[in-house]
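Data first, discussion second: the structure below is written as structure tokens.
The values are calculated or read from the model by the stated rules, or taken from the named source; none is laboratory data. Everything numeric here is computed off the predicted structure, so don't read it as measured data. For neighbour counting, all protein chains shown are included, and Cβ atoms are generated from backbone atoms with ideal geometry for every residue, glycine included.
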Amino acid sequence: MTSIGGAEMVDWKLAVATATRLVRPGPDVSRDEARAVVAELRRHAKASEEHVRAFTRMIPEGTEPQDTPVLVVDRAGWIRANVAGFRELLKPLLGKMQERRGNSPGGAVIGAVGGKVTGVEVGMLLSFLSSRVLGQYETFAPASRDLPAGGNGGGRLLLIAPNIVQVERELEVDPHDFRLWVCLHEETHRTQFTAVPWLRDHLENEIQSFLGETDVDPMTILERVREAAQSFAGSRPEGEADDDGGRSLVELVQSPAQREILGRLTAVMSLLEGHADYVMDGVGPQVVPSVAEIREKFQQRRAKGASRLDLALRKLLGMDAKLRQYKDGEKFVRAVVDEVGMDGFNRVWTSPNTLPTKAEIAKPADWVARVHRKGDA
């Protein structure tokens, strides 16, 4: 990405420094215990491959998809990995905004200040999220010396050890069962992307289309943010109707074209998250003795959040929508598998045209009717 006067739109180094400085300390563990946790997560990740592949039947026997690394990291490692991913994914958008800013009077000076302010804001957001993520398949992961990734743009699976230990203690569940349960969910995401080679490019194209529709005029963006802030503060200008429907800040700053793209992205993410939950529940009873207890306690934790501030931030960042994706997507997968079996469901991975629409996520029978037409068995 080009820079004006040496300043980028986001000071990524400052983002990492801010996030790692503000991140909460992890749970108290001895060095020996930490090593044991890391070793066990690696074993569970490896074992999960076989369990998930056997249950999903996404990878034909005798074939081996492109390998992607499994990394057990701490919160700082998760932050560094995500900053690298954001930087890669946002390059086109930030480059376009930077070019526009560079042509304006005082653009370089504004950029130097704005990049640092944005870097701090990104760092604060990542510090908040870094203690809440148990695992993540990083789809758009550039490789680095500290954080390897799969070849040819392949991703990597991150397991955040301190967060897993913290949650298993909070829930008071069997730690060995909980660690395997988490690995089953994350391995499903890894299988989705390694077994379906076109999925990564499809998602990237959709995201880039979404970003490409972003209005790069700073005043327009600021106006949208102002309106969004007013909606959350309950201080809309007099006479304006409250018709935002409780949308998040992310949704409120979108154009109509972006909302259309977001609908498709929401459907895909609902499918991926719901499929992972379905697989986790399907495999769980066979290999995780206390899966019922874990599931019940984890669902309660998901629903209530940690505090009033946590609930407010979840709403602001659109994280409530992600929780709905788990629930709606799992219902879709379960209904389709019940109707046409696992092999019938797996037709969803044939091409972008067989992915469910947002409406079909809510009405699985419509997807079955479209994809499994009579005479098209």
Residue count, region 155-205, condition touching an Asp or Glu at 6+ places or on another chain (Cβ under 8 Å) and more than 30 Å from Val29 (Cα to Cα), comes to 2
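In this structure, does Pro289 turn out to be modelled with pLDDT of 80 or more, surrounded by 15 or more Cβ atoms within 10 Å (Cβ to Cβ) and not in a helix (DSSP H, G or I)? Working first, answer last.
Working: modelled with pLDDT of 80 or more: yes; surrounded by 15 or more Cβ atoms within 10 Å (Cβ to Cβ): no; not in a helix (DSSP H, G or I): yes.
No: the conditions fail for Pro289.
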Filter region 105-138 for residues that are of a type in the set (Val, Ile, Thr) and surrounded by fewer than 20 Cβ atoms within 10 Å (Cβ to Cβ); the one that is modelled with the highest pLDDT is Val133
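Within region 355-375, which residues are surrounded by 12 or more Cβ atoms within 10 Å (Cβ to Cβ) and under 22 Å from the mean Cα position of the chain (by Cα)? Before the answer, list the steps.
Of region 355-375, the ones surrounded by 12 or more Cβ atoms within 10 Å (Cβ to Cβ) are 355-358, 360-364, 366-372.
Hits for region 355-375 are Leu355, Pro356, Thr357, Lys358, Glu360, Ile361, Ala362.
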Cross-chain or 6+ apart pairs with Cβ under 8 Å, region 176-193 first and closer than 13 Å to Glu40 by Cβ, then polar (S, T, N, Q): Asp177/Ser290; Leu180/Ser48; Cys183/Ser48
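Residues in region 32-41: is at least one charged (D, E, K, R), in contact (Cβ under 8 Å) with a residue 40 or more places away in the chain and in a helix (DSSP H, G or I)?
The initial filter retains those residues of region 32-41 that are charged (D, E, K, R), namely 32-33, 35, 40.
Now drop any that are not in contact (Cβ under 8 Å) with a residue 40 or more places away in the chain, which leaves 40.
So of that shortlist, the ones also in a helix (DSSP H, G or I) come out as 40.
The answer is yes, given that some residue of region 32-41 is charged (D, E, K, R), in contact (Cβ under 8 Å) with a residue 40 or more places away in the chain and in a helix (DSSP H, G or I).
Yes/no per residue for (1) out of contact with any Lys or Arg (no Cβ under 8 Å at 6 or more places or on another chain); (2) acidic (Asp, Glu); (3) surrounded by 18 or more Cβ atoms within 10 Å (Cβ to Cβ):
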residue	(1), (2), (3)
Leu157	no, no, yes
Ile160	no, no, yes
Val167	no, no, yes
His176	yes, no, no
Leu180	yes, no, yes
Leu199	yes, no, yes
Looking at Glu260 and the list (1) buried (at least 17 other Cβ atoms within 10 Å of the Cβ); (2) under 23 Å from the mean Cα position of the chain (by Cα); (3) at pLDDT 85 or above, which single condition is not satisfied? (1)
